[in-house]
Amino acid sequence: MMVGENIVSFSEIDSTNRYARDNLDRLPSGTVVWALSQTSGYGRHQRIWYSDTGGLWFSIVFKPSLIREPNEYTKVVSVAIAETMIKMGLNSVGIKWPNDVLIGKRKVAGILTEAIFLGASVNAIVVGAGINVNNEIPEEIGQIAISLGMVMKKHISLEVLLDRVLKRVEFLRKNYLIRGKNRYLTRRWKKYLAFAEKDEITVSLPNGEKATGIISRITPSSLCLETEDGTILEINSGEILL
Ligand code: BTN
């Protein structure tokens, strides 16, 4: 089934990712769970994801038969969101490794991918995306977050935006992922990266420590950082600090 052919929508739910995980058995591949607001939306690293009315909060269920690498689906969705925004005429859209979508230096969208295992193999992949659209940005994240409405200075239809993003997801999935052209997809993803090889960055690591260095290699699943003393750190999970 095509992505978005089946949309399950709610005016309010705890979390679309949680709903997708809990109801996997009866949601065919490609199903989208969409909610106007979430009471316990969550992000990466167990963080709260503010999900007031006005934003676009949805999750896509993938039940892949071939490509079972969760990262590939995250990449499809981040590139789809970035390209949709570029098509809407927005400048300075970027992807911050691994998959945050930025406008300028502020985050406009975040993606959370969860893999569901059956025994040792991946049974389903749920990719949740949160896009700040017409919602108010809470004060505590006002410096680091931005909404599409703020940038475009108008109200944006969530339905139209969702439809555009899903069409793009389906296009990228069909033409790159399932045709085995993942390399071209990675190339597209790299093109949008706000920080790339040779840039100096500071990353906060899951253990709470911070590391500063020059990016020596960057892929959707890992980032290699050469620190001042010449050590190369391979980072699989972390957050680039702006
Ligand atoms: C992040 O940047 O940490 C990822 C944020 C992902 C938020 C979305 S909103 C829809 C879906 N449901 C959730 O509870 N989280 C994701």
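The values are calculated or read from the model by the stated rules, or taken from the named source; none is laboratory data. Only a predicted model underlies this, so the values are computations on that prediction, with no experimental measurement involved. Here the Cβ is made from the backbone with ideal geometry for all residues, glycine too, and neighbour counts use every protein chain on show. We work out accessible area using only protein heavy atoms, side chains counted, and drop any ligands, DNA or RNA first. Shrake-Rupley method; radii C 1.70, N 1.55, O 1.52, S 1.80 Å.
Taking GLY55, GLY119, GLY180 as the candidate residues, the one with maximal mean-square fluctuation in a Gaussian network model of the chain, Cα springs under 10 Å, is GLY119. Note on the chain: Cα-only Rg and Dmax are 17.4, 53 Å.
When the Gaussian network model of the chain links Cα atoms closer than 10 Å, the mean-square fluctuations of ALA35, ALA194, ALA211 top out at ALA211. Considering only LEU24, ILE13, LEU233, the residue lying farthest towards the positive end of the dipole of the chain is LEU24, judged by Cα position with unit charges set on Cβ. Is the shape of segment 200-240 best called rounded, prolate or oblate, per the rule: a/c under 1.5 gives rounded, else a/b larger than b/c gives prolate, else oblate, with a ≥ b ≥ c the square roots of the Cα gyration tensor eigenvalues? Note, shape of segment 200-240 comes out oblate. Screening the chain for DSSP H helices whose Cα atoms reach 24 Å or more along their own axis and whose mean Kyte hydropathy is at least 0.0 gives 70-87.
With a 1.4 Å probe and every protein chain kept in, tell me what percent of the accessible surface of the chain is carbon plus sulfur.
Details: 5870 of 11950 Å².
Carbon plus sulfur share of accessible area: 49 percent.
Remark: relative contact order (the chain) = 17 percent; criterion is Cα-Cα distance under 8 angstrom and separation of 6 or more residues. Between GLN46, GLN143, GLN38, the Gaussian network model of the chain with springs among Cα atoms under 10 angstrom shows the greatest mean-square fluctuation at GLN46.
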